[in-house]
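Undergrad: Take a look at this one; I'll ask things after.
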Amino acid sequence: MSFQLVLFGGTGDLAWRKILPALFQAYRHQTLPKDGRIIGVARDKMSDADFRSLIGERLQNVEGEKRPQSAEFAEFAKQLFYQHCDLNESSDYEALRLKLSEHPAQLCVMYLATAPHLFTTICEHLAASGLNTESTRIVLEKPLGQNLKSNREINATVRNFFSERQIFRIDHYLGKPSVQNLFALRFGNSLFEPLWRRDTISSIQITLSEQIGIGTRGPFYEQTGALRDMIQNHALQLLCAIAMEPPINAHADAIRDEKLKVLRSLKPWTPQSLRADIVRGQYSAGLVAGAPVKAYSEEAGVAPNSKTETFVALKTEVNNWRWAGVPFYLRTGKRMAEQDARIVINFRPTPHPIFQTPTGSANQLVIHLQPKDGMALHLFAQGQAVTSFTTAPSSTNKTGPGPIGPLLSPVQLDLDFDKRFGTDRVGAYERLLLDAIGGRLNLFVRSDEQEAAWSWVEPILQDWENEDSPLYAYPSGTWGPSQSKVMIANSGHHWDED
Ligand code: BG6
């Protein structure tokens, strides 16, 4: 299949950190159609050759085995081209059109890896230059807007020129093998489905913690914060994967319909719950993995009195028959104690305990998303042979003292998907780029899903505009402000690492 992939923001961070390395991996895995051209578009003036050597240099920063050897990069680079474009300049789009027409292809993917405020401008210009043909697909990077209003505006503009089946909204978490495995776990096995409900599950936790700070992204992060950056998209998509009903088939809309229902069932915020069930924090100086790091307010591009959050913990519920009353705890933060993305499903204790079990524990299914990709099922077993129950009450004494059987030990069934399937599986961006080229929408977010997610975070954003809305400092290298522990303890639970 012949294609042209036009990468707006072609020299930017995202392009050389994620998109071009992923395209290179696809090339290496021989899944990138050979008859394809990748055209970087940016404001700088440079030739195709300059672009190739710039990308060649940048790809030398890629981790270990993914770094290209010079001979293979030289081959891959034959598919790279460059087009200068001032995004506000109509004549530059005309030049782009001419460049594309030099090698007509079956389809054209326009990847907008620019700041989101440029999306509407780019779409309008593409349409004005006749570049929104039936065979065009458009890929939009997150965050799509700053709030519900701007998200709707962007979606409305894009839809003026492209139909929904042409629009690929990225949430790269959906491309991760570990996240796809979540769908496999739930809908490829019959084992868990009967247990997957309020009768058996007492609470669910989703943690996305990072050790990294904001790096060189200060100005972007100041406008964004953890709620928009991680909760509105990645964490809510994971929540959907856990809470959704089984879709009727594996087609994009069947899956997206079910995710949408979950988003629409999220418990609405009240003035009380906005304060009691949400904790926002900002990292102060501290030690991460033994090394001193500075406070968020001292990072480049950040206002010294910034109120931008780098941590959010919250409690919500999914108001439907399956989940009513089951708390879902979501937590994300930068400069945390560990890099860890995991989902913890806590099961209820046995309804009538006859054994003693270690205090506080019950069965758990822990889904490790990264850095480890795997799953652990925590159970109880009897480690030592016991011939009889300790102080045997009369077998007819049903109302006697609590559990008096032997003390059980925690054991776990541990699945390591990296070991089983190898660590060289198709990465998130590689998978999503190939899907965009292949026209598969399953792992992309539909506009109504996105709007529902924005509608739910909107009251939080509004509440945080109030002067009296608290923002707690937490030392870098910890699990966030202590208020996050208090918030969860108020509902009788605790974070998994406590
Ligand atoms: C991005 C956020 O969407 O996801 C970043 O903008 C964050 O702030 C990143 O670091 C996390 O992605 P991953 O794949 O490293 O977990």
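Undergrad: Taking segment 112-135, which residues are touching a Phe, Trp or Tyr at 6+ places or on another chain (Cβ under 7 Å) and of a type in the set (Ser, Thr, Tyr)?
TA: 114, 129
Undergrad: Is there any pair linking a residue in segment 194-215 that is part of a loop (DSSP other than H, G, I, E, B) to one that is of a type outside the set (Val, Ile, Thr) and within 10 Å of the ligand (Cβ to nearest atom), with Cβ under 6 Å and at least six apart or on different chains, and which?
TA: If the second residue must be of a type outside the set (Val, Ile, Thr) and within 10 Å of the ligand (Cβ to nearest atom), the pairs left are 210/334; 210/339; 211/339; 213/334; 214/221.
Undergrad: Residues of segment 455-487 being within 30 Å of residue 152 (Cβ to Cβ) and hydroxyl-bearing (Ser, Thr, Tyr), which ones? First the steps, then the outcome.
TA: Our first condition is that a residue be within 30 Å of residue 152 (Cβ to Cβ); within segment 455-487, this holds for 455-471.
Scanning segment 455-487 gives 455, 469.
Undergrad: Another question about this same structure. Look through segment 207-220, keep the residues that are of a type in the set (Val, Ile, Thr) and more than 9 Å from the ligand (Cβ to nearest atom), and return whichever of them is farthest from residue 242 (Cα to Cα).
TA: Taking segment 207-220 and keeping what is of a type in the set (Val, Ile, Thr), we get 207, 212, 214, 216.
In the following step, the residues that additionally are more than 9 Å from the ligand (Cβ to nearest atom) were identified as 207, 216.
Values: 207: 13, 216: 33 Å.
Among them, the one singled out is 216.
For (1) farther than 30 Å from residue 299 by Cβ; (2) buried (at least 21 other Cβ atoms within 10 Å of the Cβ), each residue gets a yes or a no:
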{"position": "231", "(1), (2)": "no, yes"}
{"position": "234", "(1), (2)": "no, yes"}
{"position": "271", "(1), (2)": "yes, no"}
{"position": "281", "(1), (2)": "no, yes"}
{"position": "284", "(1), (2)": "no, no"}
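Undergrad: So is residue 75 in contact with a helix residue (DSSP H, G or I) (Cβ under 9 Å, 6 or more places away or on another chain), assigned to a helix (DSSP H, G or I) and not hydrophobic (A, V, I, L, M, F, W, C) or not?
TA: Values: in contact with a helix residue (DSSP H, G or I) (Cβ under 9 Å, 6 or more places away or on another chain): yes; assigned to a helix (DSSP H, G or I): yes; not hydrophobic (A, V, I, L, M, F, W, C): yes.
Yes: the conditions hold for residue 75.
Undergrad: If I filter segment 125-158 down to residues being among the charged types (D, E, K, R) and closer than 28 Å to residue 102 by Cα, which single residue comes out as farthest from the ligand (Cβ to nearest atom)?
TA: Just the residues of segment 125-158 that are among the charged types (D, E, K, R), to begin with: 134, 137, 141-142, 149, 152-153.
Adding the requirement that they be closer than 28 Å to residue 102 by Cα leaves 134, 137, 141.
Values: 134: 31, 137: 21, 141: 9 Å.
Going through the qualifying residues, I end up with 134.
Undergrad: Output the qualifying pairs, or none if there are none: Cβ atoms under 8 angstrom, residues six or more apart or on different chains, first residue in segment 219-234 and touching a residue at least 24 places away in the same chain (Cβ under 8 Å) and of a type in the set (Phe, Trp, Tyr), second residue within 11 Å of the ligand (Cβ to nearest atom) and assigned to a helix (DSSP H, G or I).
TA: 221/229
Undergrad: Any residue in segment 35-52 that is in contact (Cβ under 8 Å) with a residue 60 or more places away in the chain sitting within a Cβ distance under 6 Å of a residue that is surrounded by fewer than 21 Cβ atoms within 10 Å (Cβ to Cβ) and hydroxyl-bearing (Ser, Thr, Tyr)? List the pairs, counting only those 6 or more apart or interchain.
TA: 35/2
Undergrad: Just to be sure I understand the filter: pairs with C-beta atoms under 9 Å, separated by 6 or more residues or on different chains, first member in segment 88-99 and within 19 Å of residue 117 (Cβ to Cβ), second member surrounded by 14 or more Cβ atoms within 10 Å (Cβ to Cβ) and hydroxyl-bearing (Ser, Thr, Tyr). Which pairs pass?
TA: Final answer for the pair search is 90/129; 93/129.
Undergrad: Applying the selection to segment 93-122, what residues are in a helix (DSSP H, G or I) and in contact with a Leu (Cβ under 8 Å, 6 or more places away or on another chain)?
TA: Kept after step one, since they are in a helix (DSSP H, G or I), are these residues of segment 93-122: 93-101, 116-122.
The answer is 93, 96, 97, 100, 116, 118, 119, 121, 122.
Undergrad: Which numbered condition in (1) outside any loop (DSSP other than H, G, I, E, B); (2) β-branched (Val, Ile, Thr); (3) surrounded by fewer than 23 Cβ atoms within 10 Å (Cβ to Cβ); (4) within 12 Å of the ligand (Cβ to nearest atom) is the only one that residue 242 fails?
TA: (4)
Undergrad: Go through (1) more than 16 Å from the ligand (Cβ to nearest atom); (2) in a loop (DSSP other than H, G, I, E, B); (3) touching a helix residue (DSSP H, G or I) at 6+ places or on another chain (Cβ under 8 Å); (4) under 26 Å from residue 228 (Cα atoms) and name the single condition residue 345 misses.
TA: So residue 345 meets the others, but not (2).
Undergrad: Now for a different question. Condition (residue is more than 21 Å from residue 432 (Cβ to Cβ), within 11 Å of the ligand (Cβ to nearest atom) and not basic (Lys, Arg)) applied to segment 189-206: is it met by at least one residue?
TA: no
Undergrad: Hey, another quick one. Can you pull out every residue in segment 221-236 that is within 11 Å of the ligand (Cβ to nearest atom) and either in contact with an Asp or Glu (Cβ under 9 Å, 6 or more places away or on another chain) or at positive phi (or both)?
TA: Result: 221, 225, 226, 230, 233, 234.
Every read-out reported here was derived from the displayed coordinates using simple, explicitly stated rules and does not represent laboratory data. Computed from a predicted structure; not experimentally measured. All Cβ positions, glycine included, derive from the backbone under ideal geometry; neighbour counts span all protein chains shown.
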